[in-house]
Every structure is written in structure tokens, then in C-alpha cells.
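Participant: What follows is a structure written as C-alpha cells; I'll ask about it next.
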Amino acid sequence: IPRYLIADSKLYTEANAANLKELAFITRIPNTIKQVGETIDKALATPDTWQTLDDGRFMQTFNINHYGMQQRWHVISSDTSRQRATKQVNQRVLKEADSIKKQLFHLQAKRFRHSDDARQHAETLAKKWKLHRLTDTQIIEHQKYEGRGRPKEGQQPTVTTYQIQVNYGIDEETIAQLKASAGHYIIGGNAEALSDQEVAT
């Protein structure tokens, strides 16, 4: 049995928890675990309690019970991880913006029988956006008359349809939070004999 088992995040699964309990392990905790995000948020909420590890790296430590194991989770912040996260999030913003442009191209070409239907379609699309938000909409009314040429005085339209124009923008608050969270990661485990600094490094 190794003194300390050190592995990447693939080691840390619920199915593998029974085996991990029998070992002293150190691993990267997968970001897909909900409690990882919650722990990083706790660290971000207490900016005065970071410990310096080395140039550009800082750490906060939390005692966590997860998968039935008492552990220490070390939230790590580094210049490299923050820069990488910023780049990745910016790419996601651009990708979503391209998708939104295509969505709105089709939506704004449609004609609706009711203005509320047009707004509802826009709001339904916007709910799926992760990094952008709907800012405002404008309804354009289109009227169709029987016969050719200009309608006669007092003539009522036979059909009225509605077109929507949508304005949207970047969700700055969400993006800032995502960059902050994504720029951190957690090293965790149950190697009790090691100090926080030894585990993190």
C-alpha cells in the first residue's frame, strides 16, 4: 500500500469512495461536483483569509465531509489558472453570441398573430442564454389590406401581424462570477499527516 496515493481527478468518484477510505490520498477534486463550486464561492467570499503558497499562488483550506469521508479541501488560486479561465470564458461568450445572432435572425424574420406571442418567443430564447441577457424588445405592426395599391380611406386591414426586434447584451455580473470561479481549483484528500502547504504543493 503506498504511503500517499496521488492522482488526477478521475480517481475521485463516488463509486471509488469505498477504496479511497482505505488510503491516504491527494487528488484534484472534479469541478463537476456541486460542492466544489460552493466551496470556491465560500473562499471568494472571504478574500482576507488566503494564504500565500508561492509567487502567484494562494490557498484557502476547508474541512469537508464528502462521499462519507472527512477531508481537507484546498482552494487554489493562481495567475495561470485565472488567465486560462478568462480566455476560456471569453471564448464561450463569443460562441454564445454567434448562436444568439442566428436565433434572432430567424425570430425577427417571423410574423406573429399576436404581439404577446412574439415577446414570449423572445423570452423563451433568452432563458436559455447563459452569458447574455435580453435588454429590450420592440414590436413592429404589419397590416395587410385587400386589393392592390394603397388602401382606401377608412378601409380596415384584413390581417394584422407582428414582428419583433430584440436587443441583448453581455451579462457582466454572471461573466465576472464565472471567471472568478473558473480561475480556481481544489486539491483535496485525507492525508492527515501532511500540512496544508505540503498537500497543495
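The values are calculated or read from the model by the stated rules, or taken from the named source; none is laboratory data. Only a predicted model underlies this, so the values are computations on that prediction, with no experimental measurement involved. Every residue, glycine as well, gets a Cβ built from its backbone with ideal geometry; the counts of neighbours run over all protein chains shown.
Participant: On the basis of being surrounded by fewer than 11 Cβ atoms within 10 Å (Cβ to Cβ), without any contact (Cβ under 8 Å) to a residue 40 or more places away in the chain and within 23 Å of Glu172 (Cβ to Cβ), does Asp79 make the cut?
Facilitator: So Asp79 fails the test.
Participant: Tell me which residues, restricted to the stretch 35-61, are more than 20 Å from Gln177 (Cα to Cα) and either aliphatic (A, V, I, L, M) or crowded, with 17+ Cβ neighbours inside 10 Å (or both).
Facilitator: Leu53, Thr61
Participant: Quick check: anything in the stretch 134-155 touching an Asp or Glu at 6+ places or on another chain (Cβ under 8 Å), modelled with pLDDT under 95 and among the small types (Gly, Ala, Ser)?
Facilitator: no
Participant: Right, here's the next one. On the basis of being surrounded by fewer than 17 Cβ atoms within 10 Å (Cβ to Cβ), in contact with a strand residue (DSSP E or B) (Cβ under 9 Å, 6 or more places away or on another chain), at pLDDT below 95 and closer than 30 Å to Asn167 by Cβ, does Arg113 make the cut? Quick ask: steps written out before the conclusion?
Facilitator: Numbers: surrounded by fewer than 17 Cβ atoms within 10 Å (Cβ to Cβ): yes; in contact with a strand residue (DSSP E or B) (Cβ under 9 Å, 6 or more places away or on another chain): yes; at pLDDT below 95: yes; closer than 30 Å to Asn167 by Cβ: yes.
So Arg113 passes the test.
Participant: I'm told Asn31 meets every condition in (1) over 12 Å from Tyr185 (Cα atoms); (2) part of a loop (DSSP other than H, G, I, E, B) except one. Can you identify the failing condition by its number?
Facilitator: (1)
Participant: For the stretch 63-76, give me the residue count where each residue is part of a strand (DSSP E or B) and buried (at least 17 other Cβ atoms within 10 Å of the Cβ).
Facilitator: Residues flagged as part of a strand (DSSP E or B) and buried (at least 17 other Cβ atoms within 10 Å of the Cβ) within the stretch 63-76 amount to 8.
Participant: Can you name the residue in the stretch 145-201 that is free of Cβ contacts under 8 Å to residues at least 60 places away in the same chain, of a type in the set (S, T, N, Q) and in a helix (DSSP H, G or I) and is also farthest from Thr80 (Cα to Cα) among such residues?
Facilitator: Only one residue tops the list, namely Thr174.
Participant: Can you pull out the residues in the stretch 15-34 that are exposed (fewer than 11 other Cβ atoms within 10 Å of the Cβ) and in contact (Cβ under 8 Å) with a residue 40 or more places away in the chain?
Facilitator: Correct list: empty.
Participant: Within the stretch 156-170, take every residue that is over 28 Å from Leu131 (Cβ atoms) and either hydroxyl-bearing (Ser, Thr, Tyr) or surrounded by 14 or more Cβ atoms within 10 Å (Cβ to Cβ) (or both) and give me the one that is modelled with the lowest pLDDT.
Facilitator: Top of the filtered list is Thr158.
Participant: Closer than 23 Å to Glu173 by Cβ and in contact (Cβ under 8 Å) with a residue 60 or more places away in the chain - does that describe any residue in the stretch 44-63?
Facilitator: The answer is yes, given that some residue of the stretch 44-63 is closer than 23 Å to Glu173 by Cβ and in contact (Cβ under 8 Å) with a residue 60 or more places away in the chain.
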